[in-house]
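See structure below.
The values are calculated or read from the model by the stated rules, or taken from the named source; none is laboratory data. Because the structure is a prediction, the values reported are computed rather than measured. Backbone-built Cβ (ideal geometry, glycine too); neighbour counts: all protein chains shown. Keep in mind that these areas ignore ligands, DNA and RNA; they rest on the heavy atoms of the full protein, side chains included. Shrake-Rupley method; radii C 1.70, N 1.55, O 1.52, S 1.80 Å.
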Amino acid sequence: MLGMIKNSLLSTVEPWPYRVLSKGEKEQLSYEERTLEGGRFAAVEVVGKPFDEASKEGVLKLLKYVGGSNDKGVGMGMTAPVSITAFPAEDGSLQQNVKVSLRIPSQFQANPPCPSDESIKIEERQGMTIYSTQFGGYAKETDYVNYAAKLKSALGSDAAYRKDFYFCNGYDPPMKPYGRRNEVWFVKE
């Protein structure tokens, strides 16, 4: 637990490498099209719980892993964002099934430590192109659903993207009260 706290408070945060391809604004919503690097990710699925509760549970497990709860006992440092795969229901609400993931820091990409928690899986992911919009505050399910609807409206019917899931992303530790960064990502098809 001490390693997790030290890791999240005192370490520098490594960003997930990306490149902005274009920027747009429509219906008072700014958005970007980006290409993101692939790599190895630590991921945990949480099923049968409301989005906010499931997200919190998944994030804590991943923070423990990067904080030293792994076979090497090493604190790896933090990456951002913490990314939550959300699955929308027909009515736009989110299903009780999330996958919380964190990109493994660069120095551990080639050989990531094995998680002590067996529910955490190490996944290899390809790079992807996304549509992204950003907002502030302490994000909850309602905020992500609201901004996903706004991004969908701003992109209109011309943009082709996956509609069966989207990513809810948080960049900041909970103890940062101001200037928080959250994003919704749609994966371009």
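Summary table
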| quantity | calculated |
| --- | --- |
| Between helix 51-66 and the chain: long-axis angle, C-alpha atoms, 0 to 90°, nearest 10 | 40 degrees |
| By accessible area with a 1.4 Å probe, ligands and nucleic acids excluded, highest first: order of 128, 76 | 128, 76 |
| Solvent-accessible area of residue 65 with every protein chain in place, 1.4 Å probe, in Å² to the nearest 10 | 0 Å² |
| Order by protection proxy (mean Cβ within 10 Å, highest first), peptides 24-32, 156-164 | 24-32, 156-164 |
| Amide H partners (placed H, <5 Å) of residue 161, local residues excluded | 189 |
| Proportion of all alpha-carbon pairs of the range 8-187 beyond 26 Å (%) | 28 percent |
| Whole-Hz couplings from phi, Karplus 6.51/-1.76/1.60, listed for the range 73-84; x for Gly and Pro | x, 10, x, 8, x, 10, 10, 9, x, 7, 10, 10 |
| Projected label distance in nm at residue 71 and residue 23, using a 7 Å step from Cα toward the beta-carbon | 4.5 nm |
| For the range 161-174, 3J(HN,Hα) per residue [Karplus equation, 6.51 cos²θ - 1.76 cosθ + 1.60, θ = phi - 60°, Hz, x = Gly/Pro] | 8, 5, 10, 7, 7, 8, 9, 10, 10, x, 9, 10, x, x |
| ³J(HN,Hα), Karplus 6.51/-1.76/1.60, whole Hz, each residue of the range 152-158, x for Gly, Pro | 4, 5, 5, 6, x, 8, 6 |
| Inter-site label distance for residue 106 and residue 87 at 7 Å from Cα along Cβ, in nm | 3.5 nm |
| Lysines whose Cα lies under 17 Å from that of residue 26, excluding same-chain neighbours fewer than 8 positions away | 150, 152 |
| Protection-proxy order for peptides 137-144, 37-44, each taking the mean of Cβ atoms within 10 Å per residue, highest first | 37-44, 137-144 |
